[in-house]
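Below is one structure; the comments refer to it alone.
Values in this text are rule-based calculations from the coordinates and carry no lab data. Values in this document were obtained by computation on a predicted structure and should not be read as measured data. Because the Cβ atoms are built from the backbone with ideal geometry, glycine has one as well, and the counts that use them run over all protein chains shown.
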Amino acid sequence: MSGILYIERYERIIQLIKLKSTGSPAEFAFKLCLSERTIYRIIKDLRELKCLKIEYSEYYKSYIFSDN
């Protein structure tokens with residue numbers, strides 16, 4: 001996969017998190033045609049490499065950016 005596709009994938013993931021419309025990890029993976037494991041890895045990368053505060057919200061049933 002080319003670098004631009006990775007960037008587009010990460011931008012789409014960030015957009016869905018901002019909109020609080022990822023769904024569960026399984027639903028999120030399905031939306032993006034990825035494995036659930038890949039979703040967990042990408043979320044981990046965003047948390048560690050980009051220092052983004054991301055958590056799963058049961059209330060929204062979505063990953064969200066947290067302020068804590």
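Is there a residue being touching a Gly at 6+ places or on another chain (Cβ under 9 Å), of a type in the set (Gly, Ala, Ser) and free of Cβ contacts under 8 Å to residues at least 60 places away in the same chain anywhere in the stretch 30-52?
Checked the stretch 30-52: no residue is touching a Gly at 6+ places or on another chain (Cβ under 9 Å), of a type in the set (Gly, Ala, Ser) and free of Cβ contacts under 8 Å to residues at least 60 places away in the same chain.
Please specify each residue of the stretch 1-34 satisfying the condition of being loosely packed, with under 13 Cβ neighbours inside 10 Å and farther than 14 Å from residue 63 by Cβ.
Answer for the stretch 1-34, where residues must be loosely packed, with under 13 Cβ neighbours inside 10 Å and farther than 14 Å from residue 63 by Cβ: 1, 2, 3, 4, 5, 6, 7, 8, 11, 33.
When only residues in the stretch 53-68 that are among the polar types (S, T, N, Q) and touching a residue at least 24 places away in the same chain (Cβ under 8 Å) count, which is surrounded by the most Cβ atoms within 10 Å (Cβ to Cβ)?
In the first step, residues of the stretch 53-68 are kept if they are among the polar types (S, T, N, Q); the result is 57, 62, 66, 68.
Right, trim to touching a residue at least 24 places away in the same chain (Cβ under 8 Å) and you get 57, 62.
Details: 57: 12, 62: 18.
The qualifying residue surrounded by the most Cβ atoms within 10 Å (Cβ to Cβ) is 62.
Within the stretch 24-62, how many residues are within 10 Å of the chain's Cα centre (by Cα), outside any helix (DSSP H, G or I) and either under 14 Å from residue 9 (Cα atoms) or aliphatic (A, V, I, L, M) (or both)?
1
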